[in-house]
Every structure is written in C-alpha cells, then in structure tokens.
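Chemist: The structure's right below; bear with me while I get my questions together.
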Amino acid sequence: MIYPEKIKAKTSDKILKICMGLSIGIMLLLLLMNKLVTPNIPWAALANAGILYTWIVVIYSIKKNVNIAGHVLLQIIVLSILMIYIDYILGEKGWAINIAIPIMIMIANLIMLVLTIVSYKKYMKYAIYQLIIVLASMVPVILVTEHIVQDKTLSIIATSISILNFIIGLVLSAKDIKETIIRKFHF
C-alpha cells in the first residue's frame, strides 16, 4: 500500500498563511462589493463574521492535544459573540439572547453529558469546563431577572439543564472525585 507523503511543518505553515491571506483578501473584497452594490444592507459584515469564526475554530483545532471540553467551551463563547453580533447587524431583534444562546448552552450540556458518560474516569479533566458552562448558563437567568430577555422559558430550561448535568457528572464520578481529593489533599 502506498501512503501519501506527510506534509512538512514548514510547508503546512506556509499553506496556512496563504489561506489566511486569501481569506483577508476575500473579506476586503466583500466589504468593497457591499459598499458599491448594496450599501444599506450590511451583508458583508455577516459573511466576514462567518469567515472570522471559521479561522478561530481552525486555529484552535490545529493545536495538538485539545481538550474536547475546552473546545466546547470555546465554541459557546465564540458562537455567542457571533450570534449577538449578527443580531445587532440585523437590527437587534433579540433572537440571539432569547433563543440562540440558550439553545447553544443546552447543546453544550448534551455534549458534556455524553463526554461524562463515555469517559467518566476522566471527569476531573472536564469538571472545570463543566463548571464554567454552568456559570455561563446563569447569564441568561440574570438577563431574565433584569428584564432584558422577553421570553424566559428557554433561558430557565438551559440553566436547569446545566445544573442537572453538573450534578449528574458529580454523581457518576463521585468515587473518582473522592479519590482525587484524598490524593491531592493527603487525607
């Protein structure tokens, strides 16, 4: 069997820089086209936000030994910012805070639950990220109490799922957590 030659790191970096340069060129071209053709509709800003998001994911994913839970957390943060930006560009309809972010939090918790069930022995590796996701899921509830969010149903469901998921993770990994605490604190 003949295998393809492995690309050298130097060549790989060069390809990455060329692609990034092309992306910047495309972003500038889109802005120019938007200004010339339809200046009152900011579609280039949305396209450029998508290109920027894609590069954040690519650069983060290229790193070796990426913790999956860390990747999930990064996706929540970056996608939340992207959704709020798109909502702002489209005229602040409120769908990002009312619908998109709570749904992303629910999906992140589903992923974390699967990670916990599949690799509960490594729960300590994911626990801090799970805790950060629980804290992030409190933001929609704070926005509900401040009357910034009109539809509180999804926000409350997302926060409840986060808390429940964290508790399930603790229960599934209670023995390992106890052993880790004993080992770390020499009880």
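The values are calculated or read from the model by the stated rules, or taken from the named source; none is laboratory data. Because the structure is a prediction, the values reported are computed rather than measured. We place every Cβ from the backbone using ideal geometry, glycine too, and count neighbours over all the protein chains shown. Just the protein is used for accessible areas: all its heavy atoms, side chains included, with ligands, DNA and RNA removed. Shrake-Rupley method; radii C 1.70, N 1.55, O 1.52, S 1.80 Å.
Chemist: Ranked highest first by the average count of other Cβ atoms within 10 Å around their residues, in what order do 150-161, 97-108, 129-140, 166-177 fall?
Modeler: 97-108, 129-140, 150-161, 166-177
Chemist: Would you list, by chain and number, the aspartates and glutamates whose Cα falls below 14 Å from the Cα of Lys93, excluding same-chain residues fewer than 8 positions away?
Modeler: Asp151
Chemist: Magnitude of the Cβ-charge dipole of the chain, K/R +1 and D/E -1, about the Cα centre, nearest 20 debye?
Modeler: So the dipole magnitude of the chain works out to roughly 940 debye.
Chemist: Multiply the residue separation of Val37 and Gln150 by 0.36 nm, subtract the distance between their alpha-carbon atoms, and state the gained length in nm to one decimal.
Modeler: Roughly 37.1 nm would be gained on extension.
Chemist: Using 10 Å bins from zero, what percent of all Cα-Cα pairs in the chain falls into each bin?
Modeler: 8, 25, 26, 23, 13, 4, 1, 0
Chemist: On to the next question. Using 7 Å Cα-to-Cβ label points, what is the Asn67/Leu52 separation (nm, one decimal)?
Modeler: 2.7 nm
Chemist: What is the percent carbon and sulfur in the accessible area of the chain, measuring with a 1.4 Å probe over the protein chains and ignoring ligands?
Modeler: Result for the chain: 74 percent of the exposed heavy-atom area is carbon or sulfur.
Chemist: Same structure, new question: Within the chain, which whole H helices from DSSP have a Cα span along their axis of at least 18 Å and a mean Kyte-Doolittle hydropathy of 0.5 or more, if any?
Modeler: The qualifying helices are 9-37, 43-62, 68-89, 101-118, 123-145, 153-172.
Chemist: Which value in nm describes the separation of the simple spin-label points at Ile177 and Ile81, placed 7 Å from the Cα toward the beta carbon?
Modeler: Here the modelled spin labels are 3.1 nm apart.
Chemist: Going 7 Å from the Cα of Ile59 in the Cα-to-Cβ direction, what parts of the range 81-113 have a backbone nitrogen less than 17 Å from that spot?
Modeler: 81-82
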